[in-house]
Every structure is written in structure tokens, then in C-alpha cells.
1. About the Cα centre of segment 252-344, what is the dipole size in debye to 20, counting +1 per Lys and Arg Cβ and -1 per Asp and Glu Cβ, all else neutral?
2. With the contact rule set at Cα under 8 Å and sequence spacing of 6 or more, what percent relative contact order holds for the chain?
3. When only Cα pairs under 8 Å and 6 or more residues apart are kept, what is the percent relative contact order across segment 94-210?
4. Which aspartates and glutamates, on any chain, are close to residue 410 with Cα under 12 Å apart, when same-chain ones fewer than 8 places away are left out?
5. Summarise the accessible area of segment 275-366 (1.4 Å probe, protein heavy atoms) by the percent that is carbon and sulfur.
6. If you stretched the chain out fully between residue 188 and residue 354, how much longer would it get, using 0.36 nm times the residue separation minus the C-alpha to C-alpha distance?
7. Mind jotting down the distance between the C-alpha centroids of segment 168-226 and segment 362-434, whole Å?
8. Ranked from the most accessible area to the least, with a 1.4 Å probe and all protein chains present, what is the order of 275, 158?
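The values are calculated or read from the model by the stated rules, or taken from the named source; none is laboratory data. Computed from a predicted structure; not experimentally measured. Every residue, glycine among them, receives a Cβ derived from its backbone with ideal geometry; neighbour counts consider all protein chains shown. Surface accessibility is based on the protein's heavy atoms, side chains included, excluding ligands, DNA and RNA. Shrake-Rupley method; radii C 1.70, N 1.55, O 1.52, S 1.80 Å.
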Amino acid sequence: MKVCKFGGTSMASAEQIKKVCDIITSDPERRLVVVSAPGNEFEDDIKVTDMLINLAETFLRTRNCEKELNAVVSRYRRIAEGLSLGNEIVKDIENNLKTRIMLGYDHEAKFIDRMKAAGEDNCARLVAKYLKSLGYNAQYINPKDAGLFLSDEYGNARILPQSFKNLSKLRDLDGILIFPGFFGYSLSGEVVTFSRGGSDITGSILAAAVEADVYENFTDVNSVFAANPKLIHNPKAIPVLTYREMRELAYAGFSVLHEETLAPVFKKGIPVNIRNTNNPGSAGTMIVTTREITNGPLSGIAGSGGFITINIHKYMMNREIGFGRKVLSILEEETVPFEHMPSGIDDISVILRQKYVDSDKISRIMERIAHNLAVDSITIGYDLALVMVVGEGMLRNIGVAGRATTALAKSGVNIRMINQGSSEVSIMFGIDEKDLDTAIIALYNEFFK
Ligand code: ASP
């Protein structure tokens, strides 16, 4: 059995959905299909998920969202007409949206998630209906009925372990199963979504649950590339990656897969195949447990901004037992995840994502560290970007860091921090955000040209 996931651009129009259905029906193993909400059809289009967020926010502000609701319904109407599905499904979608609003809006995050999830949910119903209209045995699967239970962290949910056993039963159902991505239900029965782009995670969970032979993730590019094609003209395509490599690249900015996608399939060793809906003949990129090292030390280079660093200095820090734990427990109490913690003898820096801390929180954290740990100095650095050079081929390969730092130096990029994990699968450079593009281009030219 293959689990397939189709992203927003694959769902953006009737034409795209026809391509998707051709792909599904061309292989009888493609039986469990996850769909996103319709994404951008044209460059200046708005994704249905963004339209729904706008609808929800407008409603919360003004208690009215007629215009926004009509815009979403028109989008589905255009698709339904292109698939010759008639008006009934459009009416159903309109009623579905209205019911979601009527279910209550006291709890804003809950309301926004319920509305956001309508994009995927209605898209799945529509695709199932289209396949049936073509004579296939297809059905929409509701995540609650199937037992996809998530933590009640609205907009950022995580899978609850019992879901896997529940979802494994999908294997026994007949025909093509169309499953909406991006959301599940809390144990108290509320709709909860993953973070944005989370349909990738749904696909991975289902692939792990049914122990699929492969998780095919259909998107709009032929493969994963060694660097961002928006920065590098015609970058090298990557035919095979390991989970670790993809995880690092996704973490550092490759947007082809949601950063949290790989955990469920990784545990079961299920291969992931990134493929192109617009070019299904292309083999795409395989993501697997191990691979032969045939392509030099690096597989790819990724980078992203939006980080800050808290720099702590205390003379004789290395002799103070529990210093690091105390710093981290302050972050834990403030519910802020830490990303990295490079250290010297008397220094520790803690790198955080800016989006998780507002200025009040950061001041409080700094004050608590300064006071509770009696540090000599504590400063904060803004506008930090992280660039990662990633590749299994780096293991025991001498000189990669030297080549990378020389390339950065020659391009005038100052390195604020370096970090290499013991797995030797990546080296991370902390640099100024303004240097991010220059750094990626310099590293690409050094390792791939
Ligand atoms: N539709 C959701 C989003 O735009 C989830 C997804 O497409 O994966 O974030």
C-alpha cells in the first residue's frame, strides 16, 4: 500500500485535481490519499487556508464574514464546476462553513483552528466525490472517525500515540480513501490543526500507521535541490537523501517538506518519495535510512533567519555544577524551546527562534538568568541567521569546515558562531541575517560548482 499526499498547488484548480486523480488511479497501490486545501493557482492568488484565517479573524472582530465566506465558496465553486460536479457539493461546503461558525467562538484559537481545517476537510470531500463521479470506489475519511487524536495545542498540535493503532485499521477498508490533511481532534472532540504546512505530517502519520511501502509526497517540484532554486540558478537535484539529511535541511529552511514530517516514518523506516504532480514521470527524491555516498561530502545547503542569541558570561562557569540546567529550566518555565547551546569555558550562548519570544518574555528571561545565576554579563544578539551545510559524506572527511569557512571569508561573511554535532552530518554557521543569501551562494559555489 502506498500513502500519497498532494499539496496545495496540486489542489489549486480543477485541472490540477484531474492530474492528481490520474496519478492516484494509475496505480492500484495508491489507496490512502492525503489532500491539502487548494493553494495558489496563480502567483497573486490567496491560499484557501489564508482565506479561512482571514474569514475567522474578520468574524471575531466584526461578527460578520459574509464577504469572506462567499469568497471561499466561490473558490470551491470554480473547482467543482471545472470537475462537472454540480451545485450540491458547493451548497454542502457553504453549509459546512456556516455550521463551523455556529459551533461557537468564545475560545478564539479553537474557533480559528476549526475554520482553518475547513480547507482540507472540504477539499477531501470534493476529491472523493469527483473520483466517485468517474466510477471509482472512493470515500472521504473523517479524521475523528479514523481516530487521529492530537494534543490540544491549537495551531501547533502534536500526535497522541494511541492514534497510530486507531489509524492502522484504515488498511482494512476497501477502495481509495481520501483523508484531509493538517488537522485531527483533541480528546475532548475539538478540531486541532498542526502548524502551517502540516498536511505533510498527516501523510507521514498515516504511512507509519498502515506501514505503507512508501510515502509519496506530491508537490510542484521535480526533486529536492542542493540549494534554494530562488537563489541558485538551476541547482543540482538530489536523487537520494537520508532522513537525517532531510531533517537537517528542512530544519534550516528547505520548505519542500514540513520540518516535523519525518518523525513518524523514520521510526518505521518507511521511504519517502518527493514527487511532482505536474511531472509524474520524474523519479523525484527518495528519502531513506541509509544511502551510498557517491556525491561528495555535501548533499545540500540551507539557511534561514529569525534567530536570536542570549550570550551569558560568568567567570569559572565550567566549575559550577548545574549551570546549564538552571539556564534551561528558566526557558522551560517560560515555555520557550531552545534551538542550540554553543559554549566556551566561561560562556554559554542560547539560540532561540525569535517567533517564540516577545520583548516582555525575553526581558523576563534575561533578568531571571542574570539574577538567579549571578552571571557577570548577559547580552542579546538579534538578526541571527543559521546556515547549515549538510551531508552524510562529511563523516570522517577532512577539510569540509575549512573549505566552508574559507568560502564564507572570501565573500566577506562574518561567522558569529559555529556548531557541529557529533553525528557529523551537518555544520551550522551563525551569521548576520543580511549575509544569508551571500553565504548560501558562496557555499554552493564552493561545494557544487
Ligand atoms: N493548508 C495548510 C497550510 O496552508 C496545510 C498544508 O497545506 O499543508 O498551511
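1. Here the size comes out at about 260 debye.
2. 13 percent.
3. RCO, segment 94-210: 28 percent.
4. Qualifying aspartates and glutamates at Cα under 12 Å: 446.
5. On segment 275-366, the fraction of accessible area on carbon and sulfur atoms equals 52 percent.
6. Length gained between residue 188 and residue 354: 56.6 nm.
7. Taking the Cα centre of segment 168-226 as reference, the centre of segment 362-434 is 34 Å away.
8. Largest to smallest exposure gives the sequence 158, 275.
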